[in-house]
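Input: a single structure, listed below in structure tokens.
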Amino acid sequence: QKEVEQDPGPLSVPEGAIVSLNCTYSNSAFQYFMWYRQYSRKGPELLMYTYSSGNKEDGRFTAQVDKSSKYISLFIRDSQPSDSATYLCAMSDNYGQNFVFGPGTRLSVLP
Amino acid sequence: DGGITQSPKYLFRKEGQNVTLSCEQNLNHDAMYWYRQDPGQGLRLIYYSQIVNDFQKGDIAEGYSVSREKKESFPLTVTSAQKNPTAFYLCASSIAAGGSPLHFGNGTRLTVT
């Protein structure tokens, strides 16, 4: 079993839709959870950063962490064509030396 | 503007040649990292450094070497011993505190023929 699982997509949605992106993980030592957005031929850009379980909202983006289920989600409201990118989940333990990334989900938002 | 600069953006080399990828940061971050990204795979850690003149191997260090002579700079050399060097290479940095998020450069696409 891989340490982090993420549906690679591609996921296509119409403009304005709510998008749900998810990752599952197996290592209960993970405490910090991140979502990155990566455009083609660019480096990943940090979108959301959360610690332990709970929700965090930033504009159209909401990150959820459920440590009991080892499941994290990113919701995008009112999706825009500019949201078309690959979304990577990442997580690390308390020591911050063990970052693990999902393979990424490719999202296309169609006008 | 603070950030991480990787150069060049694209690099082409013949098989058997060593090549060095540049990474410079002006974020005053202590920790720096090199990752390799291949299609359909998560980022894989090559090397990381938490302090000047010290670095540790990551999961796929074979065929790569690094140096950390200055806080701002963490160059990666892809040697001829790396069996499959064609990939997208990403440099990142973070505050060295546990759990701090990584900030990435825009990558170097290396093609070896």
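The values are calculated or read from the model by the stated rules, or taken from the named source; none is laboratory data. For clarity, every value in this text was computed on a predicted model and none was experimentally measured. All Cβ positions, even for glycine, are placed from backbone atoms using ideal geometry, and neighbour counts span all protein chains on display.
Please determine, by comparing only the residues of segment B:92-113 that are assigned to a loop (DSSP other than H, G, I, E, B) and more than 8 Å from chain A (Cβ to nearest Cβ), which one is nearest to residue B:82 (Cα to Cα).
Filtering segment B:92-113 for residues that are assigned to a loop (DSSP other than H, G, I, E, B) and more than 8 Å from chain A (Cβ to nearest Cβ), the one nearest to residue B:82 (Cα to Cα) comes out as B:113.
Search segment A:77-111 for residues being under 12 Å from the mean Cα position of the chain (by Cα) and of a type in the set (S, T, N, Q), and hand back the single one that is farthest from residue A:45 (Cα to Cα).
The extreme case among them is A:105.
Rundown of residues vs (1) under 12 Å from the mean Cα position of the chain (by Cα); (2) closer than 28 Å to residue A:47 by Cα; (3) touching a residue at least 40 places away in the same chain (Cβ under 8 Å), yes/no style:
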site: B:4; (1), (2), (3): yes, yes, yes
site: B:10; (1), (2), (3): no, yes, yes
site: B:22; (1), (2), (3): yes, yes, yes
site: B:27; (1), (2), (3): no, yes, yes
site: B:36; (1), (2), (3): yes, yes, yes
site: B:41; (1), (2), (3): no, yes, no
site: B:64; (1), (2), (3): yes, no, no
site: B:101; (1), (2), (3): no, yes, no
site: B:112; (1), (2), (3): no, no, yes
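Quick one: in segment B:64-86, of everything that is in a loop (DSSP other than H, G, I, E, B) and among the polar types (S, T, N, Q), which residue is nearest to the other protein chains (Cβ to nearest Cβ)?
Of the residues in segment B:64-86, the ones in a loop (DSSP other than H, G, I, E, B) are B:67-69, B:71-72, B:74-75, B:79-86.
Among the residues that remain, those that are also among the polar types (S, T, N, Q) are: B:67, B:79-80, B:82, B:84, B:86.
On the way: B:67: 20, B:79: 24, B:80: 26, B:82: 21, B:84: 18, B:86: 15 Å.
Selected residue: B:86.
So, in segment A:50-72, exactly how many residues are part of a strand (DSSP E or B), surrounded by fewer than 17 Cβ atoms within 10 Å (Cβ to Cβ) and not basic (Lys, Arg)? Let's see the steps before the verdict.
Just the residues of segment A:50-72 that are part of a strand (DSSP E or B), to begin with: A:50-51, A:54-58, A:61-66, A:71-72.
With the extra rule that they be surrounded by fewer than 17 Cβ atoms within 10 Å (Cβ to Cβ), the set shrinks to A:51, A:54-58, A:66, A:71.
Subsequent filtering for residues that are not basic (Lys, Arg) retains A:51, A:54-55, A:57-58, A:66, A:71.
Count: 7.
Can you pull out every residue in segment A:39-71 that is β-branched (Val, Ile, Thr) and within 14 Å of another protein chain (Cβ to nearest Cβ)?
Scanning segment A:39-71 gives A:50, A:65.
Of the numbered conditions (1) closer than 25 Å to residue B:106 by Cα; (2) in contact (Cβ under 8 Å) with a residue 24 or more places away in the chain, residue A:71 fails exactly one; give the number of that condition.
If we test residue A:71 against (1) closer than 25 Å to residue B:106 by Cα; (2) in contact (Cβ under 8 Å) with a residue 24 or more places away in the chain, just (1) comes out false.
Determine if segment A:89-106 includes at least one residue that is more than 10 Å from chain B (Cβ to nearest Cβ), exposed (fewer than 13 other Cβ atoms within 10 Å of the Cβ) and free of Cβ contacts under 8 Å to residues at least 40 places away in the same chain.
No.
As an exercise: evaluate residue B:39 against (1) within 14 Å of another protein chain (Cβ to nearest Cβ); (2) in a strand (DSSP E or B) and give the number of the one condition it does not meet.
Failing condition for residue B:39: (2).
I'm told residue B:89 meets every condition in (1) under 10 Å from the mean Cα position of the chain (by Cα); (2) away from chain A (no Cβ under 12 Å); (3) under 24 Å from residue A:87 (Cβ atoms) except one. Can you identify the failing condition by its number?
All conditions are met except number (2).
Just to be sure before I move on: is residue B:109 among the charged types (D, E, K, R) and within 24 Å of residue A:38 (Cα to Cα) in the structure I sent? It would help to see each step written out before you state the result.
Details: among the charged types (D, E, K, R): yes; within 24 Å of residue A:38 (Cα to Cα): yes.
For residue B:109, the condition - among the charged types (D, E, K, R) and within 24 Å of residue A:38 (Cα to Cα) - is met.
Suppose we keep only residues that are assigned to a loop (DSSP other than H, G, I, E, B) and not charged (D, E, K, R) within segment B:1-24. Which one would you say is farthest from the other protein chains (Cβ to nearest Cβ)?
So the residue we want is B:16.
Within segment B:82-95, does at least one residue satisfy the condition of being at pLDDT 95 or above and of a type in the set (Lys, Arg)?
So far as segment B:82-95 goes, no, none of its residues is at pLDDT 95 or above and of a type in the set (Lys, Arg).
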